[in-house]
Amino acid sequence: MFEKLKLRGKLIKAFRTAEIYRVIKRGDRTSYQFPKIHRIDHQNTYTRYAFSLLNGIDPELLNKKRWALRQVLGNNIEINGSLKNFSITVHHKSLPKMLNYKYEAIHSHIEKMELPVCIGQDIYGNPVSWDFADLETLLISGEIGAGKSSLMRVILTTWVKYASPEDLRLVLVDLKRAEMYRRGDLLLEHGVTHISRLLFKLPRIVVVIDEMSIVKRETDLVEMIQQFASQGRALGVHTIIAMQRPDADLLNSALKANLRVRISGRQADAINAKVAGVIGAEEIDAAARGRMKIKIDGVKEFQAYFLDEGACKEILSPYKTLLKDPEPELEVVSQSIFGLLEKEQR
């Protein structure tokens, strides 16, 4: 009981420091009403506070004043919730400094997925993963040295080893618009709403746009990318967009709303983190290579697997001959998937 009271006092101190309260004035007297604390769950590895904001308290304060909350509660905090009901989880453990990518180590975890993404570990050693067939769009951003290139190698290398060419096509960087129309016509012709309901199999297509800011002035291409993101799910056309600095013009509301998963390395400031859609990315330790944050429901910090160019070449060398002759329906602008995996992002 004493421990819970102590933790409650610590949270109220954090609210006071961050100025997250409602001010009540009666004559010459001023009082402060803090968020209502509902539950404190104190475990060996974490402490989680559940609370609700009072009317009149801006929910954005929790993110704007995250730095003040960290000063009181500790560096490793996660904030989740919306509107009024929130939780703050204070982690007592730290993330590992380096994790090398090993396909054999993750295979048992991903073997039941259709298009698995497994990119690292969270603070408890659990794999950070999801099925790209369900959450079909991804934005990767972050400063130079944040680990975007390695992360891209991890994702694509896993797919090359996991999926056959009959199940998956990787397109770098352009897909003929006619293929989208062809797939749409097939759905109409067979009276279904998703490629999984067709009586025959169509391979899933992942369109990878590496450093999207380069195509900013190519309005037709940008429009096409937006179409992939918004309409591609039912057609089995998925999208990965990578960029160093998130661009508010490119990541407009229409495109941003359709980016189901967002991953960010360290961002220069809170404005860039907000544009990237990963609040708190500006707080990532610049010295922690491969440290990133992912937003699917809430925001979670993780340590990404590291895969350098040499190891990537060695893993993919047996598959190189499979990548020479893409089918006529696909127009490959980059030389090959192998070329992108070798290339460092600027």
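Bear in mind these aren't lab numbers, they're just calculated from the coordinates by the rules spelled out. Quantities reported herein were computed from a predicted structural model and do not represent experimental measurements. Glycine gets a Cβ as well: all are built from the backbone with ideal geometry, and neighbour counts include every protein chain shown.
Things to note:
- Phi angles of segment 146-153 translate, via the Karplus equation with coefficients 6.51, -1.76, 1.60 and θ = phi - 60°, into HN-Hα couplings of 6, x, 5, 4, 5, 4, 5, 4 Hz per residue; Gly and Pro are given as x.
- Linear extension gain, residue 48 paired with residue 213, 0.36 nm per residue minus alpha-carbon span: 55.5 nm
- Signed unit charges on C-beta, dipole axis of the chain, positive-most listed residue 98, 231, 79: 79
- For the pair residue 188 and residue 41, label points projected 7 Å from Cα toward Cβ lie 4.9 nm apart.
- Loop-located GluC sites (Glu not before Pro) in segment 67-157 (DSSP state not H, G, I, E or B) with no more than 11 neighbouring Cβ atoms inside 10 Å: 111.
- Alpha-carbon geometry of segment 212-301: the Rg and the Dmax are 13.7, 41 Å, given in that order.
- Relative exposure of 25, 148, 201, 65, judged by other C-beta atoms within 10 Å (fewest first): 25, 201, 65, 148
- Volume per residue that the Cα convex hull of the chain spans, once the total is divided by residue count, Å³: 169
- ³J(HN,Hα) computed for each position of segment 32-47 - Karplus, 6.51 cos²θ - 1.76 cosθ + 1.60, integer Hz, glycine/proline x: 10, 10, 8, x, 7, 8, 9, 7, 10, 10, 9, 10, 5, 9, 7, 10
- Neighbours of residue 39 by Cβ distance under 12 Å: Lys/Arg scored +1, Asp/Glu scored -1, total +3.
- The alpha carbon convex hull volume per residue for segment 2-91 rounds to 97 Å³.
- Cα gyration tensor shape for segment 147-235, rounded if a/c is under 1.5, else prolate or oblate: oblate
- Proximal charge balance of residue 298 [Cβ under 15 Å; K/R count +1, D/E count -1]: +3
- Scalar couplings 3J(HN,Hα) for segment 271-288, obtained by applying the Karplus form with A = 6.51, B = -1.76, C = 1.60 to θ = phi - 60°, are 5, 4, 4, 5, 4, 5, x, 10, 4, x, 5, 6, 8, 4, 4, 4, 7, 8 Hz; x denotes Gly and Pro.
- Radius 14 Å from Cβ of residue 50, net charge of other residues (Lys, Arg +1; Asp, Glu -1): +4
- Comparing Cα centroids, segment 58-105 and segment 272-314 end up 13 angstrom apart.
- Using C-alpha pairs below 8 Å separated by at least 6 residues, the relative contact order for the chain is 18 percent.
- Ratio Rg/Rh [Cα only; Rh per Kirkwood] for segment 40-165: 1.04
- Helix-only arithmetic for the chain: the sum of -39500 (n - 2.57) across DSSP H runs with n ≥ 4, divided by the residue total, places the mean residue ellipticity at 222 nm at -9000 deg cm²/dmol.
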